[in-house]
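Colleague: Got a structure here, written out as structure tokens. Questions coming.
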Amino acid sequence: MSFSDVVGRLEAGDSMPLYMQLQRVLRNAIKRRILTQDVAIPPERDLAEEYAVSRITVRKALSGLVDEGLLSRRRGAGTFVTGRVEKSFSKLSSFSEDMLSRGRSPHSVWINRSIGAVTPEESLSLGLSPGAAVYRFHRIRYADDAPMALEYSTIPAYCLPSLNTVEDSLYDALEKAGYRPVRALQRLRAVTFTEEQAETLGVLPRDAGLLIERRGFLLDGRAAEFTQSYYRGDAYDVVAELNDAH
Ligand code: 16G
């Protein structure tokens, strides 16, 4: 059986550009789990022949899916299905650590970073008195070139020496300052992305997302972070290991 027998063919008479048609076929196969994590995509030359399109069309289709995070390129080995990220719900790890442990390269784009007085909502979440100073870090989080999450963190000012100490990783900065949380409470909620959020994450408005709110604490019980992370619902499975309570 050939690749296109399994994955699907292009429809004759479709007016959409060929690279988009090919992307649709591959995207659907990934969504329907016909193509699963770590499956290799055939070489460009073979795909071009099989779908009777040019190699440029194949290259453009695959690059777009790499940008979306559905495929990833491994140097010297080819192009593979990325699969969904399995995120542990019970580990106090950071986004950077989660990605590095999967061999993916994390980076962030800053939406905003500022210092200000705590809002009433934050003061409840963090147990701070009204007027206390906090840092706010708003970021788009990427794995390789794919946007994965939007993250809004509020950190009490006593946890960091200054705004600029946070570079790639918030937890690295907190650890260096001696204020990395050692315990956390998390809440998970289903959300639909607003138009603006969807555009930032490269998904469609009203697509499903996962909101995880983490309140992190220090050994002495003081709060160290309140973070709202909006994860792409199409890219994440949230997992937890459970043990018999008896
Ligand atoms: C994770 C945490 C978030 C933390 C961030 C730090 C969850 C649900 N949230 O996204 O609370 O602020 O990692 O990541 O896991 P960083 O050290 O890479 O900046």
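Colleague: Which residues, counting only those in segment 97-142, are farther than 22 Å from Gly221 by Cα, more than 11 Å from the ligand (Cβ to nearest atom) and small (Gly, Ala, Ser)?
Modeller: Ser101, Gly103, Ser105, Ser114, Gly116
Colleague: Would you confirm whether or not segment 102-124 contains a residue that is part of a helix (DSSP H, G or I) and among the aliphatic types (A, V, I, L, M)? Walk me through it before giving the result.
Modeller: Quick first cut of segment 102-124, residues part of a helix (DSSP H, G or I) only: 120-124.
Narrowing further to those that are among the aliphatic types (A, V, I, L, M): 124.
There is at least one residue in segment 102-124 that is part of a helix (DSSP H, G or I) and among the aliphatic types (A, V, I, L, M).
Colleague: Which condition does Asp38 not pass, out of (1) open to solvent by 60 Å² or more (accessible area, probe 1.4 Å); (2) in a helix (DSSP H, G or I); (3) over 30 Å from Arg187 (Cα atoms); (4) in contact (Cβ under 8 Å) with a residue 24 or more places away in the chain, if it passes all the others?
Modeller: (2)
Colleague: Before we move on, is Leu62 open to solvent by less than 30 Å² (accessible area, probe 1.4 Å), more than 23 Å from Ala143 (Cα to Cα) and of a type outside the set (S, T, N, Q)?
Modeller: On the way: open to solvent by less than 30 Å² (accessible area, probe 1.4 Å): yes; more than 23 Å from Ala143 (Cα to Cα): no; of a type outside the set (S, T, N, Q): yes.
It is false that Leu62 is open to solvent by less than 30 Å² (accessible area, probe 1.4 Å), more than 23 Å from Ala143 (Cα to Cα) and of a type outside the set (S, T, N, Q).
Colleague: Taking segment 1-35 on its own, how many of its residues are in a loop (DSSP other than H, G, I, E, B) and not charged (D, E, K, R)? Write out each step before concluding.
Modeller: Quick first cut of segment 1-35, residues in a loop (DSSP other than H, G, I, E, B) only: 1-2, 8-17, 32-35.
Now drop any that are not not charged (D, E, K, R), which leaves 1-2, 8, 10, 12-13, 15-17, 34-35.
The qualifying residues number 11.
Colleague: Restricted to segment 166-178, and to residues that are free of Cβ contacts under 8 Å to residues at least 60 places away in the same chain and within 12 Å of the ligand (Cβ to nearest atom), which residue is most open to solvent (accessible area, probe 1.4 Å)?
Modeller: Start the filter on segment 166-178 by keeping residues that are free of Cβ contacts under 8 Å to residues at least 60 places away in the same chain, which leaves 166-167, 173-178.
Pick out the ones that are also within 12 Å of the ligand (Cβ to nearest atom) and you get 166-167, 173-176.
On the way: Val166: 1, Glu167: 130, Ala173: 8, Leu174: 0, Glu175: 105, Lys176: 179 Å².
Filtering first and then ranking leaves Lys176.
Colleague: Mind listing whichever residues of segment 143-165 are within 11 Å of the ligand (Cβ to nearest atom) and open to solvent by 20 Å² or more (accessible area, probe 1.4 Å)?
Modeller: If the condition is that a residue be within 11 Å of the ligand (Cβ to nearest atom) and open to solvent by 20 Å² or more (accessible area, probe 1.4 Å), then Tyr152 is the only one that fits.
Colleague: Just checking: which of the strands (runs of 3 or more DSSP E) contained wholly in segment 133-243 hold 2 or more residues that are closer than 22 Å to Ser123 by Cα? Give the steps one after another, and end with the answer.
Modeller: On the way: elements: 133-143, 146-156, 183-192, 208-217, 223-232, 236-239.
Counting at least 2 such residues, we get 133-143, 146-156, 183-192, 208-217, 223-232.
Colleague: Continuing with the same structure: Of Val6, Val25, Val53, which residue is surrounded by fewer than 16 Cβ atoms within 10 Å (Cβ to Cβ), β-branched (Val, Ile, Thr) and either more than 21 Å from Gly78 (Cα to Cα) or more than 22 Å from the chain's Cα centre (by Cα) (or both)? First the steps, then the outcome.
Modeller: Numbers: Val25 fails: surrounded by fewer than 16 Cβ atoms within 10 Å (Cβ to Cβ); Val53 fails: surrounded by fewer than 16 Cβ atoms within 10 Å (Cβ to Cβ).
Every option except Val6 fails the conditions.
Colleague: Would segment 83-90 turn up any residue that is more than 20 Å from Glu213 (Cα to Cα) and either modelled with pLDDT under 95 or in contact with a strand residue (DSSP E or B) (Cβ under 9 Å, 6 or more places away or on another chain) (or both)? Walk me through it before giving the result.
Modeller: Pass one, segment 83-90, residues more than 20 Å from Glu213 (Cα to Cα): 83-84.
Checking the rest, the ones that are also either modelled with pLDDT under 95 or in contact with a strand residue (DSSP E or B) (Cβ under 9 Å, 6 or more places away or on another chain) (or both) come to 83-84.
Looking for residues that are more than 20 Å from Glu213 (Cα to Cα) and either modelled with pLDDT under 95 or in contact with a strand residue (DSSP E or B) (Cβ under 9 Å, 6 or more places away or on another chain) (or both), one finds at least one in segment 83-90, hence yes.
Colleague: Scan segment 204-240 residue by residue and report those that are surrounded by fewer than 19 Cβ atoms within 10 Å (Cβ to Cβ), of a type in the set (A, V, I, L, M, F, W, C) and touching a residue at least 60 places away in the same chain (Cβ under 8 Å).
Modeller: Val238, Val239, Ala240
Colleague: Taking segment 144-172, which residues are farther than 30 Å from Asp234 by Cβ and among the hydrophobic types (A, V, I, L, M, F, W, C)? Give the steps one after another, and end with the answer.
Modeller: Step one: list which residues in segment 144-172 are farther than 30 Å from Asp234 by Cβ, which gives 156-165.
Hits for segment 144-172 are Ala157, Cys159, Leu160, Leu163.
Colleague: Name the residues in segment 119-132 that are over 29 Å from the mean Cα position of the chain (by Cα), free of Cβ contacts under 8 Å to residues at least 60 places away in the same chain and either closer than 15 Å to Thr227 by Cα or open to solvent by less than 50 Å² (accessible area, probe 1.4 Å) (or both), would you?
Modeller: Ala132
The values are calculated or read from the model by the stated rules, or taken from the named source; none is laboratory data. Bear in mind the structure is a predicted one, so any value in this text is a computation, not a measurement. Counting neighbours? That spans all protein chains shown, and the Cβs are built from the backbone with ideal geometry, glycine included. The area values use the complete protein model at the heavy-atom level, side chains included, leaving out ligands, DNA and RNA. Shrake-Rupley method; radii C 1.70, N 1.55, O 1.52, S 1.80 Å.
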